[in-house]
Amino acid sequence: MCVLPASAQVADNGGYANVTRFVPYAAVIGMKAFGVDSRDEWRSLLVKTAASAVITAGVTYTMKETIHEWRPDMTDHKSFPSGHTAFAFAGATTLHHEFGHVSPWISVGGYAVATATAVDRVCRDRHYWYDTVAGAAVGFLSAELGFLVTDKLFPRRDVNVAVSPQGFYLCYGF
């Protein structure tokens, strides 16, 4: 009974991009959880995934708050760049880095979902096409930067990640 109202709500409140923007990130965690061979072990994978998401969020929302472009449907002035698209492409790039060596189809699937997210945003009149292109670039480059920075900061050293009710902890061993 709960599935139908939830899917109707997704369709009414901005389209399937509200869900698909997180699918590549969910695939990264899900594939690792199901034992698919990834580039990194759990700790590094979580740190790199978090870095990718945090950089993407920071860049996207800073741009939205400073550029002030109106959406095509005129609901607000936070159209540029597309945050949904940025997160989808950051997740797809993370998926590619971690699992692209297993099969190129994993990377193709991630980028296909990200592209579908961008198309949905334009079709629903929430973004102009160039908002989604910029979002894709922001997501891709943010994920690349996240991997580059974490590889430089944590070169094969012990990284401990813990999540508890009190918060998220990152410990770095020398």
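A few remarks follow.
- Hey, T94 open to solvent by 60 Å² or more (accessible area, probe 1.4 Å) and out of contact with any His (no Cβ under 7 Å at 6 or more places or on another chain) or not: no
- Condition met for H101 (open to solvent by 30 Å² or more (accessible area, probe 1.4 Å), more than 11 Å from the chain's Cα centre (by Cα) and in contact (Cβ under 8 Å) with a residue 12 or more places away in the chain): yes
- In a residue-by-residue description of region 125-132, the property of being free of Cβ contacts under 8 Å to residues at least 60 places away in the same chain, assigned to a helix (DSSP H, G or I) and either open to solvent by 30 Å² or more (accessible area, probe 1.4 Å) or of a type outside the set (S, T, N, Q) (or both) applies to at least one position.
- Matching residues, region 134-169, being modelled with pLDDT of 80 or more, crowded, with 16+ Cβ neighbours inside 10 Å and among the β-branched types (V, I, T): V138, T150
- Options V59, V54, V36; residue that is modelled with pLDDT of 95 or more, surrounded by 15 or more Cβ atoms within 10 Å (Cβ to Cβ) and assigned to a helix (DSSP H, G or I): V59
- Which numbered condition A118 misses (of (1) touching a strand residue (DSSP E or B) at 6+ places or on another chain (Cβ under 7 Å); (2) at pLDDT 95 or above; (3) not basic (K, R)): (1)
- Flag if T75 is over 12 Å from the mean Cα position of the chain (by Cα) and either of a type outside the set (V, I, T) or in a helix (DSSP H, G or I) (or both): no
- Residue match in region 79-89 (condition: open to solvent by 30 Å² or more (accessible area, probe 1.4 Å), over 20 Å from P104 (Cα atoms) and either outside any helix (DSSP H, G or I) or in contact with an Asp or Glu (Cβ under 7 Å, 6 or more places away or on another chain) (or both)): yes
- Meets criteria (without any contact (Cβ under 8 Å) to a residue 24 or more places away in the chain and either open to solvent by less than 20 Å² (accessible area, probe 1.4 Å) or outside any loop (DSSP other than H, G, I, E, B) (or both)) for Y25: no
- Leading residue by the ranking (farthest from the chain's Cα centre (by Cα)) among those in region 110-124 that are closer than 24 Å to G30 by Cβ and either among the hydroxyl-bearing types (S, T, Y) or surrounded by fewer than 19 Cβ atoms within 10 Å (Cβ to Cβ) (or both): V119
The values are calculated or read from the model by the stated rules, or taken from the named source; none is laboratory data. As the structure is a prediction and not an experimental result, all values here were calculated from the model. Counting neighbours? That spans all protein chains shown, and the Cβs are built from the backbone with ideal geometry, glycine included. The area values use the complete protein model at the heavy-atom level, side chains included, leaving out ligands, DNA and RNA. Shrake-Rupley method; radii C 1.70, N 1.55, O 1.52, S 1.80 Å.
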